[in-house]
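S.K.: What follows is a single structure, and I will ask about it in a moment.
The values are calculated or read from the model by the stated rules, or taken from the named source; none is laboratory data. Remember, predicted model here, so these are calculated numbers, not experimental data. Glycine gets a Cβ as well: all are built from the backbone with ideal geometry, and neighbour counts include every protein chain shown.
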Amino acid sequence: MSGAGPRPQGFDPTTATIAIVTYNRSGLLARLLTSITEMQPKPGHIVVVDNASTDDTADVVESFREALEPSTLVYRRMETNTGGSGGFSEGMRLAYELGSEWIWLMDDDVEVLPDGLAKMGKWSARFRSIQGRRYDYDGSAFYWQYRIAEPMGIPIPFAPAGFDGSGYKPMNSGCFEGMFIHRDIVRQIGLPDPRFFIYWDDQMYGWLASRVTQSVIVDEFVLRRTREIKQWDMGIRHMNASSNAYRYYIMRNRAYIKKYYRELGVYNPVLFALGTALTFGKELIRLVFVERTVRGTSNLFRGLRDGRRISKDASWRPMPPLETASAES
């Protein structure tokens, strides 16, 4: 690729695809696409999954087609809003079918730093599931909860933030805002599960990846958030504002985690129930201290109720590995 800038040894950026999920935020999407035009090197493909936006998203994407060359831009408009889970599942599918060796997932409310792909690529010879770091809206270093307490199925909020001389830390979780994953891992664990709609989907996918490869978070800043979110400053950590929809899916989707745990033989009913109770308590704290209200608790209870129905569904199965799905089809 001409003018591609420095290439980490053994990493070909043209084999990478950036997969973006967007929904009614064309202004933010334009800022992200602008940042990709300024990247060196650029990826081989850029996939934009539009979750049935009603704004001018399609026109914005088309306006960037020439500016993003020599990358190939692929635009996929969904018929309905499938949530972040459905969008990332479709984005991963498209990137995989394009033959991409590496797939870099991101929301529309970030921008990529100019050397972001080069920074991720330099770790590609050692690892197959990689998470980079991100600057928050105010320019501070964002802390992402990269470790989960597996039996409880919840993040460990105070896992060490610092890095040693190795420049990386093992992780057993994932975040679709910056997940950089190799196609071999996608082949083994399948696509992200669209049934989550929103929340816990990326944690689950990262956890599945960590079961088949050494997953890491690396000390490389590659993204910057471009949307301000209301937060409660807890000193060394922050707690973001939420929404009624998020509150519902946070509790409902615990049932999907339980289903995966049962299928994979790691389910401990007592510890998992404790994790669910702690999640419920955390959301109550978020309501009171971040959003300054007590309204919204009904969505937590509604999520728990619908989760019980999912738990009783005997026909439910996890997402299949891609080689299995291909053979069946």
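S.K.: Select, from L113, L94, the only residue that is over 21 Å from R195 (Cα atoms), at pLDDT 95 or above and either in the same structural domain as L28 (by TED's automatic domain parsing) or polar (S, T, N, Q) (or both). Break it down into steps so the answer makes sense when it comes.
M.R.: Details: L94 fails: over 21 Å from R195 (Cα atoms).
Going through L113, L94 in turn, just one is over 21 Å from R195 (Cα atoms), at pLDDT 95 or above and either in the same structural domain as L28 (by TED's automatic domain parsing) or polar (S, T, N, Q) (or both): L113.
S.K.: Further question on the same structure: Could you grab me the full set of residues in the range 133-171 that are closer than 20 Å to I18 by Cα and in contact with a helix residue (DSSP H, G or I) (Cβ under 6 Å, 6 or more places away or on another chain)?
M.R.: none
S.K.: Within the range 264-303, track down each residue that is more than 14 Å from M251 (Cα to Cα) and of a type in the set (S, T, Y).
M.R.: Passing the criteria: Y267, T293.
S.K.: Step by step: first the residues of the range 142-182, then only those that are outside any loop (DSSP other than H, G, I, E, B) and within 16 Å of the chain's Cα centre (by Cα), then the one that is surrounded by the fewest Cβ atoms within 10 Å (Cβ to Cβ). Which residue is that?
M.R.: Only one residue tops the list, namely P155.
S.K.: State whether the residues of the range 205-215 include one that is modelled with pLDDT of 95 or more and among the charged types (D, E, K, R).
M.R.: There is at least one residue in the range 205-215 that is modelled with pLDDT of 95 or more and among the charged types (D, E, K, R).
S.K.: For the range 67-107, enumerate the residues that are over 21 Å from G178 (Cβ atoms) and among the β-branched types (V, I, T).
M.R.: Within the range 67-107, T72, T80 meet the criteria.
S.K.: Quick one: which helices (runs of 4 or more DSSP H) lie wholly within the range 52-127 and hold at least 1 residues that are under 18 Å from the mean Cα position of the chain (by Cα)?
M.R.: Of the helices (runs of 4 or more DSSP H) lying wholly inside the range 52-127, those with at least 1 residues that are under 18 Å from the mean Cα position of the chain (by Cα) span 83-97, 116-121.
S.K.: Next question. Could you tell me which residue of the range 232-283 is modelled with the lowest pLDDT, considering only residues that are more than 13 Å from P151 (Cα to Cα) and among the hydroxyl-bearing types (S, T, Y)?
M.R.: S242
S.K.: Evaluate the following for D202: is it acidic (D, E) and assigned to a loop (DSSP other than H, G, I, E, B)?
M.R.: The answer is no for D202.
S.K.: Within the range 48-68, work out how many residues are under 20 Å from I198 (Cα atoms) and buried (at least 18 other Cβ atoms within 10 Å of the Cβ).
M.R.: 5
S.K.: Scanning the range 284-329 for residues that are in contact with a helix residue (DSSP H, G or I) (Cβ under 8 Å, 6 or more places away or on another chain) and among the β-branched types (V, I, T), which turns out modelled with the highest pLDDT?
M.R.: The qualifying residue modelled with the highest pLDDT is I310.
Each row is one residue, and each column tells you yes or no for (1) farther than 14 Å from L29 by Cα; (2) out of contact with any Leu (no Cβ under 8 Å at 6 or more places or on another chain); (3) not polar (S, T, N, Q).
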site: Q40; (1), (2), (3): yes, yes, no
site: H45; (1), (2), (3): yes, no, yes
site: V48; (1), (2), (3): no, no, yes
site: D56; (1), (2), (3): no, yes, yes
site: E62; (1), (2), (3): no, yes, yes
site: G84; (1), (2), (3): yes, yes, yes
site: S89; (1), (2), (3): yes, no, no
